[in-house]
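Q: Below is a structure I'd like to ask you about.
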Amino acid sequence: MKISFSGQDRTRDLGQALRRRAAAMEHGPAGRRLAPLPPEISALALALAQSDAEYLDNLIRLIRYRDGVNTLDFEIPRKPGLAGLIITRLKEFLWKLLRYQHDRIAFRQNLINTQLTSALEFEHARRQAETDDLKRRLAELEKQGGGNPR
Amino acid sequence: MNIHQILTGYADGDAISNEAILLREIFRRWGHGSEIYADPVRVSPSLKTDCRPLADYASGKDDICLHHYGIASPAAEVFLASAARKIMVYHNITPAEYFAGFDDAVAAQLLAARSALREVARRSDAVWTVSEFNAAELKAEGIDGVKVFPLLFSTAKPDLRPDPLTINKFAGPLKNILFVGRIAPNKRLEDLIMAFAWYHLAINSFSRLIIVGSKHSAARYYTMLRMLVGDLDLPHVCFEDFVPPARRLAYYRVADLYVTASAHEGYCLPLMEAMDNGVPVIARAAGGMPEALDGAGVLYEDLTPAELGALFDRVLTDAALRKELLTAQQRRMQRARERNPEAEVRALMAGML
């Protein structure tokens, strides 16, 4: 770690403070700390692709993990003070009240999403099979013709 | 004598295009004919009438031709074929590996630019570059005699007003953390988003990250970032795409903090723009960014996303530290305003004019 403020090296004092703060954040309550996905299904797995084709394969694989609307509860931010408490409680109540309707809509949306994802996968697989077949036939023709026509 | 410039592209808000415009003003003031030539397919619609098609470029032996070099393009070929005396202005070539998997065609263009670099420099009568970082890179390639001409910065035009709709949309109680620049893999926006996620979740949920930059520079990279934002369940990350100058100014006006986690920059003009608008700056100590900050702003190396998130909070909430930062940034901008580009260019071109 290295930090400079206005050209002055502040790693020793501010760096230590940041390290302590970050450690406290990483051990904070569940709703207030980052819980990234496992690396193999994280969006960042896309950065590992070494070609456009590899990227597309990864993308289609990752979309399958994300075609459902997440209906889990989420943290409602709260402003300080009594007004903040009342507004947050109201939002929590409204969320509970509308939960059933929201889940019904999410169910319908998920049906569409999964069908679209499946269509995408089938299309990709079909194109891949066609490409593989063409490559195989081209290799056979090159073999019969005594090498690369180019 | 004409002093023309050849650019790969010509776009609003683009650092290289802005520098070319400033240089053209200087050359015209000296009484020379001076035009900007670019491939019409890479020219912003708003600038179509402000430049000439690359195919129209013609020169004589007494002329001077400047080429702003950063990627392989037909512009480099026109430059090399020119009969004029040649000046290559090197703006840095992004390492191709950043684009592998995100855009194979761009990666190939960057590789081609890198492999042609020595040849383009060898056939140029002079080589300028915009930072010491770039000069060191050229020296490592065996190119000597490079002159450093820091990227020209012009403050916003006095008659430019920040877009009121953007101000209304983003002003308010949320802390605005801003990034301005192309959405490209070398900018490491995933690191910025992860750090913001920590800040937003653990420290201040009344905050948002505003990312202003073209989504089309690397569409697959942009797709990854959108997916990441979904994974982290962060609706407070706003992708604002490429914007005209009035909106760009508005984003700086509503920003509480400017942050870039970019891992590779030749110079990074948005740092100057942020400082010029009185926004505290945090940048990774990479590439030419320490030179652009020149003793101002916050520079960091090797911070975890949580540590970077904690750093956001420190700069946003520590009033004394913030004041000290802003004062140093003002001094930096004062030095930038005191530059005399005309004299610098004349000195660089001594013996050619």
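Q: Among the residues of segment A:48-79 satisfying the criterion of being in a loop (DSSP other than H, G, I, E, B) and touching a Gly at 6+ places or on another chain (Cβ under 8 Å), which is nearest to the other protein chains (Cβ to nearest Cβ)?
A: Ranking the qualifying residues of segment A:48-79, first place goes to A:A49.
Q: May I pose another question? For segment A:86-109, check the following and say yes or no: at least one residue is assigned to a helix (DSSP H, G or I), more than 13 Å from chain B (Cβ to nearest Cβ) and of a type in the set (G, A, S).
A: Among the residues of segment A:86-109, at least one is assigned to a helix (DSSP H, G or I), more than 13 Å from chain B (Cβ to nearest Cβ) and of a type in the set (G, A, S), which makes the answer yes.
Q: Keeping to segment A:1-16, report how many residues are at the interface with chain B (Cβ under 8 Å from one of its Cβ atoms) and either surrounded by 16 or more Cβ atoms within 10 Å (Cβ to Cβ) or of a type in the set (D, E) (or both).
A: Residues meeting the conditions: 5.
Q: For B:V298, state whether it is closer than 23 Å to A:R32 by Cβ, within 10 Å of chain A (Cβ to nearest Cβ) and in contact with a Pro (Cβ under 9 Å, 6 or more places away or on another chain).
A: So B:V298 does not fit the description; no.
Q: Could you check how many residues of segment B:317-337 are over 20 Å from B:G288 (Cα atoms) and either within 10 Å of another protein chain (Cβ to nearest Cβ) or buried (at least 19 other Cβ atoms within 10 Å of the Cβ) (or both)?
A: 5
Q: Here is a check on your reading of the model: is A:E121 in a helix (DSSP H, G or I), surrounded by 11 or more Cβ atoms within 10 Å (Cβ to Cβ), in contact (Cβ under 8 Å) with a residue 24 or more places away in the chain and not small (G, A, S)? Explain how you work it out, then say what you get.
A: Details: in a helix (DSSP H, G or I): yes; surrounded by 11 or more Cβ atoms within 10 Å (Cβ to Cβ): yes; in contact (Cβ under 8 Å) with a residue 24 or more places away in the chain: yes; not small (G, A, S): yes.
In short, yes.
Q: Among the residues of segment B:179-186, is any under 28 Å from B:E301 (Cβ atoms), assigned to a loop (DSSP other than H, G, I, E, B) and polar (S, T, N, Q)?
A: Of the residues in segment B:179-186, the ones under 28 Å from B:E301 (Cβ atoms) are B:179-186.
Next cut, assigned to a loop (DSSP other than H, G, I, E, B) only: B:181-184.
Subset that is polar (S, T, N, Q): none.
No, segment B:179-186 contains no residue that is under 28 Å from B:E301 (Cβ atoms), assigned to a loop (DSSP other than H, G, I, E, B) and polar (S, T, N, Q).
Q: May I pose another question? Determine which single condition A:N113 fails, assuming it passes every other condition in (1) exposed (fewer than 11 other Cβ atoms within 10 Å of the Cβ); (2) more than 30 Å from B:R322 (Cα to Cα).
A: Every condition holds for A:N113 apart from (1).
Q: Here is a follow-up. Which numbered condition in (1) surrounded by 23 or more Cβ atoms within 10 Å (Cβ to Cβ); (2) at the interface with another protein chain (Cβ under 9 Å from one of its Cβ atoms); (3) out of contact with any Lys or Arg (no Cβ under 9 Å at 6 or more places or on another chain) is the only one that B:A310 fails?
A: The failed condition is (3).
Q: Among the residues that make up segment B:153-165, is at least one of them outside any loop (DSSP other than H, G, I, E, B) and among the aliphatic types (A, V, I, L, M)? Before the answer, list the steps.
A: Let us first name the residues in segment B:153-165 that are outside any loop (DSSP other than H, G, I, E, B), namely B:164-165.
Checking which are among the aliphatic types (A, V, I, L, M) leaves us with B:165.
Looking for residues that are outside any loop (DSSP other than H, G, I, E, B) and among the aliphatic types (A, V, I, L, M), one finds at least one in segment B:153-165, hence yes.
Q: Exactly one condition in (1) within 21 Å of B:F242 (Cβ to Cβ); (2) surrounded by fewer than 18 Cβ atoms within 10 Å (Cβ to Cβ) is false for B:D159; which is it?
A: Here B:D159 clears every test but (1).
Q: In segment B:29-65, which residues are outside any loop (DSSP other than H, G, I, E, B) and in contact with a helix residue (DSSP H, G or I) (Cβ under 7 Å, 6 or more places away or on another chain)?
A: B:I36, B:Y37, B:A38, B:P53, B:L54, B:C65
Q: When segment B:182-228 is examined, which residues are found to be modelled with pLDDT of 95 or more, away from chain A (no Cβ under 12 Å) and farther than 17 Å from B:D103 by Cα?
A: Within segment B:182-228, B:L192, B:L209, B:I210, B:I211, B:V212 meet the criteria.
Q: Continuing with this model, one more query. If you scan segment A:17-47, which residues turn out to be buried (at least 18 other Cβ atoms within 10 Å of the Cβ) and more than 7 Å from chain B (Cβ to nearest Cβ)?
A: A:A45
The values are calculated or read from the model by the stated rules, or taken from the named source; none is laboratory data. Quantities reported herein were computed from a predicted structural model and do not represent experimental measurements. All Cβ positions, even for glycine, are placed from backbone atoms using ideal geometry, and neighbour counts span all protein chains on display.
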